[in-house]
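Read the structure below first, then the notes.
The values are calculated or read from the model by the stated rules, or taken from the named source; none is laboratory data. Owing to the predicted nature of the structure, the values given are computational and were not obtained by experimental measurement. Glycine gets a Cβ as well: all are built from the backbone with ideal geometry, and neighbour counts include every protein chain shown. Each accessible area value is taken on the protein alone, full model and side chains, heavy atoms only, with ligands, DNA and RNA left out. Shrake-Rupley method; radii C 1.70, N 1.55, O 1.52, S 1.80 Å.
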Amino acid sequence: MIAYFNTMPEEEQVELTHVIQTLLRQTFCLERKYDKHTERFVFNREYRTLSQHFEFLEAYFQVAGIQIQENIQSGVIYITGEQITPERLTKISTIFLLVLKLIYDEQMALASASVNIFTTLGEVNEKIWSFQILKDRPSPTEIRRTLAFLKRYQMIEVLDPPDEAKSKTRLIIYPSISMALMGEQARILLESFMEEDQDATGEV
């Protein structure tokens, strides 16, 4: 393993070290990300580096009890394992993640030609209220923090100024959200939030 790394040019070693640190920090790496300047999805150089050295990375992460996986169809490389300790999600962040997953699945079921889904903050909020799992509307600060959190973990892209956080704020849901929540997990978790809310209010 060390011999493989030592055979690389110094510049390539630095680049590989950087992308490993990035992957450990954000869990997911996307093949293509939205570029606001060109308004197009552009290829992510970090993804190419990870893909190029994938066999080495499998052995490298295995030592730490971490698995690296590549979903070629969705264009996502990600890591899993008990050793990974992401930031603790607030209730609002968790609910946003669940609802975004549902929106993503609904749009993909319509035979979307892209693995990236466009939505708005208003659509997210509308679906949250339809489940009746929050008594009070989150403050603009809470929403901005939640969007920043999900963006940091490569789940979404915020296309409009995040300081506004209005209903028309456009979002891109990246395919990595399907790696974070598989199958019916989103609906099951949402139902558990609904049950908690009913217990708290004494409703049956």
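If the requirement is being at pLDDT below 90, within 15 Å of PRO175 (Cβ to Cβ) and open to solvent by less than 50 Å² (accessible area, probe 1.4 Å), which of these qualifies: SER114, SER93?
SER114
Could you check ILE133 against (1) out of contact with any Asp or Glu (no Cβ under 7 Å at 6 or more places or on another chain); (2) open to solvent by less than 70 Å² (accessible area, probe 1.4 Å) and say which number it fails?
Result: ILE133 passes all but (1).
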